[in-house]
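The values are calculated or read from the model by the stated rules, or taken from the named source; none is laboratory data. All values reported here derive from a predicted model rather than from experimental measurement. For neighbour counting, all protein chains shown are included, and Cβ atoms are generated from backbone atoms with ideal geometry for every residue, glycine included. In case anyone asks, the SASA skips ligands and DNA or RNA and just uses the protein heavy atoms, side chains included. Shrake-Rupley method; radii C 1.70, N 1.55, O 1.52, S 1.80 Å.
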Amino acid sequence: MAADLIRSPAVRLLHAQQDHAICLRLAASYRHRIAAGETDQREAHAWALSLARRWRLVAAELSEAR
């Protein structure tokens, strides 16, 4: 919480965008593993996608605030 007070809105937006991209790459890696037969990775894939959606919404809110 205190770290949010120190970071500028532009930096917070950049970090949210970076976290969104990281989560998308993670979800893609789980998707490849599922396609390769590791069906136990479905829950992890869904988790990574939900985080990506959350970061996309955070980035959208921060972008609107600018």
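Yes or no, residue by residue, for (1) modelled with pLDDT of 95 or more; (2) basic (Lys, Arg):
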residue	(1), (2)
Ala10	no, no
Ala27	yes, no
Glu43	yes, no
Arg54	yes, yes
Glu61	no, no
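Of the numbered conditions (1) open to solvent by less than 80 Å² (accessible area, probe 1.4 Å); (2) on the phi < 0 side of the Ramachandran plot, Gly37 fails exactly one; give the number of that condition.
(2)
Which residue pairs have Cβ atoms closer than 6 Å, lie 6 or more positions apart in sequence or on different chains, and pair a first residue in segment 15-33 that is touching a residue at least 40 places away in the same chain (Cβ under 8 Å) with a second residue that is open to solvent by 90 Å² or more (accessible area, probe 1.4 Å) and among the hydrophobic types (A, V, I, L, M, F, W, C)?
Short answer, once both residue conditions are applied: none.
Among the charged types (D, E, K, R), at pLDDT 95 or above and either at positive phi or open to solvent by 90 Å² or more (accessible area, probe 1.4 Å) (or both), is that true of Arg66? So that I can check it myself, show each step before the final result.
On the way: among the charged types (D, E, K, R): yes; at pLDDT 95 or above: no; either at positive phi or open to solvent by 90 Å² or more (accessible area, probe 1.4 Å) (or both): yes.
Criteria not met by Arg66.
Pairs under 7 Å by beta carbon, first residue within 16 Å of Ser29 (Cβ to Cβ) in segment 39-66, partner part of a helix (DSSP H, G or I) and open to solvent by 90 Å² or more (accessible area, probe 1.4 Å), six or more apart or different chains?
Gln41/Arg33; His45/Arg31
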